[in-house]
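Undergrad: Have a look at this one.
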Amino acid sequence: MPRMSGKKALFEVLRAEGTRYIFGNPGTAEAAMIDTLADYPEMEYMLAVQEGVAAGMADGYARASGKPSFLSLHINVGMLNGLSLLYDSFSGNTPVVMTAGNSDIRKLVEGRSDLTEFPKPITKWSAEVTHADQMAAAVRRAYQEARTPPSGPTFLAFAANAFDEEGEADIRPSADYFVTVAPDPAAIESAAAVLAKAARPLMLVGDRVAMAGGVDSAVRVAELIGAPVYMGTSAEVCFPTSHPQYVGPFSLRNPAARKALNEADAVLAVGVKVFGDFFYQGQSALPPGAKLVHIDSDPRELGRTERTEVGIYADPALALRDLADALSSGGMSGSAMEAARERARGLGEQARARDEAFRATLKKAGDRRPMLPGRMMFEIGKVLPADSVLVDDSISSRAALLSGIKFDKPGSMIGQRGGAIGWGMGGALGVKLARPEQPVVAVVGDGSAMMTVQGLWTAANYGIPVVYVICNNASYRVLKVNMKVYHQLILNDPTGTGSHIGMDFTMPFDFARIAQAFGVAGQRVEDPAGVGPAVRKALESGKPAVVDVVIDGAV
Ligand SMILES: Cc1ncc(C[n+]2csc(CCOP(=O)(O)OP(=O)(O)O)c2C)c(N)n1
Ligand SMILES: [Mg+2]
C-alpha cells in the first residue's frame, strides 16, 4: 500500500470522491490543509467570512447536487460557530462532511479540546484522525456514513501531527452501495388493505419522498385513494402544489388541518415525521378511529409516538410504486374506486375555492403599502423563470409563498428546515454552485438574512449570481405569531397576544444599502407593482443582487 503524508491522503481521497468545493473559514489549525490544497487545482476553496454562511452553503450544495458536501471549519471556536446551521442539516438528513483541524496529539497534558464531543449529538459519526495511517479510511467512512440513509452530517477532526506524518493510504472513493430498501410485499398488502377500505383517507408526505424521487408515485397513490394531501416540512417539492388534491402545509396548530386529521379514518404518512410541533399537545394526535400507515426510509421515525397500524421501513419511492400497483391491480373494489374519484373531485373544487379566496384577498388589499406577503410572492411567481430554483427561507411568509407560487417540479423549491435561522443566505449560494445552469431566487426573512448577511460578500467575491428577495417586515414576525399560540394553546387565554419584547426592528434594515456595501446591487421596493420588474432586472443582470421588499408585518 502506498505511503504518503496525511494531508496528501486527505486530498487524494477528496479527489477520488469527486469533491469540487471546500466550503470553509480557515484558521492556523488548518494551515497544513490549506497549504496542500494549492496542489489540487480541481478543488476550489469557497471562503465564507462567517461559519454559518459556510455551513448553509454546504447544506444547499449537498441538497441541490444530491452528493455529500465538504465543510472545513476551524478547531473548536470556528466549528462551534457553524454548529447552529449544521443542526438544520442534521434535522433534514443532509449529507455534509464537516471537518476541523486540531492541535498535535502529543499536546494532551498541555490541553487540547476533544473536538469530537461538540458535534456528537447532531452527527451520524464524529471521530478524530490522530495518525496519518487513519486518514484515507476515515475520510472515506465520513463520506460513506453521510450519504447512507438515513443520511446526515458527519464530523472529522484532524490532529496536526496526522497531517504531516506519513502513513499507509488506500486511495479510493467510498463505494456507492445499493442502499435503497425495497418494501416487504406482505407489508404493502396490509397497507393496501387498510387504504382500500378507508372512507376518509388523509395523506401526509415529507421531504424523504422528494429525496427518494417518489413524487410521481405519491401522485398515483393519492389519486387512487382520493385523499387530500398535506406536506410535512414543505422544504422540498414532495407533491405538485398545483395538483387538485394538494391542500397545503400540515400543522397540528392549523385548525383546518387538525379537523381533517380528526375526521380521517386512515392516514398514509410517507417520509415524514408523524407528528411534530414545538408545543406539547398531548401524547398522540391520531384520532382513535384512524389507522396509520407509515412508510419511511428512516426507521427511527416509525411508531415514534403514534399507534401505527402498518409501519414500513423502505425507500419511499419503491414503496409508493408498489402500493400504487397493489391498489390498482385488484386491491380496491369498484365502489371504493368510484368513491375515491368522487372525493378527488370534491378536493379539486376546494382547491379552486382556496385559490379564488387568495386572489380575492390580494384584490381587496389593492396596491396598499406595505403590501401583503401574499402579494409579494404572487408578483415573484409571475416573473420566476420556468427552470428556476426557489430557495425558501421566508419563515412566517412560507404559507403565503406556497399560496402565491405553484411548485410542480421536484427540486424547483428547496426550503429551510431544522429551525436555525440564517440558512438561506449561504444555502442559496450552495444551490447555485450545484445547479449553475438554473436561475436561483432566494426568498429570505429579514431576521434570517441578518444572521448571515456576510454571505453577500461571498456572492460578490466569487460572482455567484443569486437573487435574494428579502421579506422586510421589520420584525421577527413568527415569534409574535407563536406568542399568540402560546397564549391560546398553553395558557388557555383565547384573546391573549402576549408581549412582543425583542421582536421588532424599531430601526428597520435597509438591505439595498447593506448589499451595496458588500459590492452587490441592491433595490428597495415598496410598490407592489414594482416587485416583478425589480426581480426581473436582478435576474437579467447575471450578477448577485438583492431586492428588499417592504411587506406588512401585522400578526
Ligand atoms: C439561530 C437562531 N436564533 C434564533 C432563533 C429564534 N427565531 C426563530 S424564527 C426567528 C425570527 C425570524 O425572523 P425573520 O427571518 O424576519 O422572519 P419572520 O418571522 O419575520 O417571517 C427567530 C429569532 C432561531 N430559530 N435560530
Ligand atoms: Mg421578519
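Undergrad: Within segment 385-420, whose backbone N sits under 14 Å from a point 7 Å along Cα→Cβ of Asp355?
TA: Under cut-off, by backbone N: 403-408.
Undergrad: Can I ask one more? Classify segment 340-392 as rounded, prolate or oblate, taking a ≥ b ≥ c as the square roots of the eigenvalues of its Cα gyration tensor: rounded when a/c is under 1.5, otherwise prolate if a/b is larger than b/c and oblate if not. Can you show the working numbers first?
TA: On the way: a/c = 3.49, a/b = 1.42, b/c = 2.45.
Oblate, because a/c is 1.5 or more while a/b does not exceed b/c.
Undergrad: Please list, ordered by chain and number, the residues whose modelled amide H lies under 5 Å from the amide H of Gly311; skip anything fewer than 5 residues away on the same chain.
TA: His294
Undergrad: Further, regarding this structure: Of the cross-linked pairs Lys432/Lys543; Lys67/Lys432; Lys382/Lys409; Lys67/Lys124; Lys259/Lys291; Lys259/Lys480, which ones have a Cα-Cα span greater than 18 Å in the structure shown? Intermediate results must be reported in sequence, preceding the final value.
TA: Numbers: Lys432/Lys543 12 Å; Lys67/Lys432 14 Å; Lys382/Lys409 16 Å; Lys67/Lys124 16 Å; Lys259/Lys291 16 Å; Lys259/Lys480 24 Å.
Too far apart for the 18 Å limit: Lys259/Lys480.
Undergrad: While we're on this one: For the residue pair Tyr486 and Asp176, what label-to-label distance in nm results when each label sits 7 Å from Cα along the Cα-to-beta-carbon direction?
TA: Inter-label distance under the simple model: 4.8 nm.
Undergrad: Report the convex hull volume per residue for segment 76-166, counting only C-alpha atoms, in Å³. Before the final figure, lay out the partial values.
TA: Details: hull volume 6.8 nm³, N = 91.
With only Cα atoms used, segment 76-166 gives 74 Å³ per residue.
Undergrad: Rounded to the nearest 5, what is the percent of antiparallel bridges among the DSSP beta bridges in the chain?
TA: Numbers: 4 of 72 bridges.
Expressed as a percentage, antiparallel bridges in the chain total about 5.
Undergrad: Let me ask you something else. How far apart, in nm, are two points set 7 Å out from the Cα along the Cα-to-Cβ line at Arg304 and at Ala256?
TA: For the pair Arg304/Ala256, the computed spacing is 2.6 nm.
Undergrad: Once both axes come from the Cα atoms, what is the angle between helix 185-197 and the longest principal axis of the chain, in degrees from 0 to 90, rounded to 10?
TA: 30
Undergrad: Compute the relative contact order of segment 220-355 as a whole-number percentage, counting only Cα pairs closer than 8 Å that sit 6 or more residues apart in sequence. Mind showing how you got there, number by number?
TA: Values: 178 pairs, mean separation 39.8, N = 136.
Over segment 220-355, the number comes to 29 percent.
Undergrad: Taking a quarter of the surface of the convex hull around the Cα atoms of segment 253-339, what do you get in nm²?
TA: On the way: hull surface 26.3 nm².
Projected over every direction and averaged, the Cα hull of segment 253-339 covers 6.6 nm².
Undergrad: Give the carbon-plus-sulfur fraction of the accessible surface of the chain in %, rounded to a whole number; probe 1.4 Å, heavy atoms of protein chains only.
TA: Values: 12200 of 22430 Å².
Of all accessible area on the chain, carbon and sulfur atoms account for 54 percent.
Undergrad: For the chain, what does -39500 (n - 2.57) per DSSP helix run (n ≥ 4), summed and divided by total residues, give at 222 nm, in deg cm²/dmol to the nearest 500? Walk me through the intermediate numbers first.
TA: Numbers: 20 runs with 220 residues, N = 555.
For the chain, the value works out to -12000 deg cm²/dmol.
Undergrad: Pairs of Cα atoms under 8 Å, at least six residues apart: use those to get the relative contact order of the chain, whole percent.
TA: For the chain, the relative contact order is 15 percent.
Undergrad: To the nearest µm²/s, what D does Stokes-Einstein give for segment 434-502 at 10 °C and 1.306 mPa s, using the Kirkwood radius over alpha carbon pairs as Rh?
TA: Details: Rh = 14.7 Å.
Value of D from the Cα-based Kirkwood radius: 108 µm²/s.
Undergrad: Just subtract the alpha-carbon distance of Ala16 and His131 from 0.36 nm times their residue separation and send over the number in nm, one decimal. Could you put the intermediate results ahead of the total?
TA: Values: separation 115, 0.36 × 115 = 41.40 nm, distance 2.06 nm.
Separation in residues times 0.36 nm, less the Cα-Cα distance, equals 39.3 nm.
Undergrad: Counting C-alpha atoms alone, how compact is segment 10-121: give Rg to one decimal and Dmax as a whole number, in angstrom.
TA: Both quantities, over Cα of segment 10-121: 13.8, 44 Å.
Undergrad: Still on this model: Specify the angular offset, from 0 to 90 degrees and rounded to the nearest 10, of the alpha carbon long axis of helix 531-541 from the longest principal axis of the alpha carbons in the chain.
TA: 30
Undergrad: Find the all-direction average of the projected area of the Cα convex hull for the chain, expressing the result in square nanometres with one decimal place. Don't jump to the answer; show the numbers that get you there.
TA: Details: hull surface 107.3 nm².
If I average the Cα hull's projected area over directions, I get 26.8 nm².
Undergrad: Round to a whole angstrom and tell me the spacing of the C-alpha centers of segment 318-393 and segment 507-555.
TA: 28
Undergrad: Further question: Over the chain, with the other protein chains present, what is the accessible area per residue in square angstrom, probe 1.4 angstrom? All intermediate terms of the calculation are to be shown ahead of the outcome.
TA: Working: 22430 Å² over 555 residues.
With all protein chains present, the chain gives 40 Å² per residue.
Undergrad: Oh, and also: Return one number: the angle in degrees, 0 to 90 and rounded to the nearest 10, between the long axis of the Cα atoms of helix 215-225 and the longest principal axis of the Cα atoms of the chain.
TA: 20
Undergrad: Can you give me the C-alpha center-to-center distance between segment 24-74 and segment 167-237, rounded to a whole angstrom?
TA: 32
The values are calculated or read from the model by the stated rules, or taken from the named source; none is laboratory data. What you are looking at is a predicted structure, and each value in this text was computed from that prediction instead of being measured. When we count neighbours, we look across all protein chains shown, and the Cβ atoms used for this are built from the backbone with ideal geometry, even at glycine. Note: areas computed on protein heavy atoms with side chains; ligands, DNA, RNA excluded. Shrake-Rupley method; radii C 1.70, N 1.55, O 1.52, S 1.80 Å.
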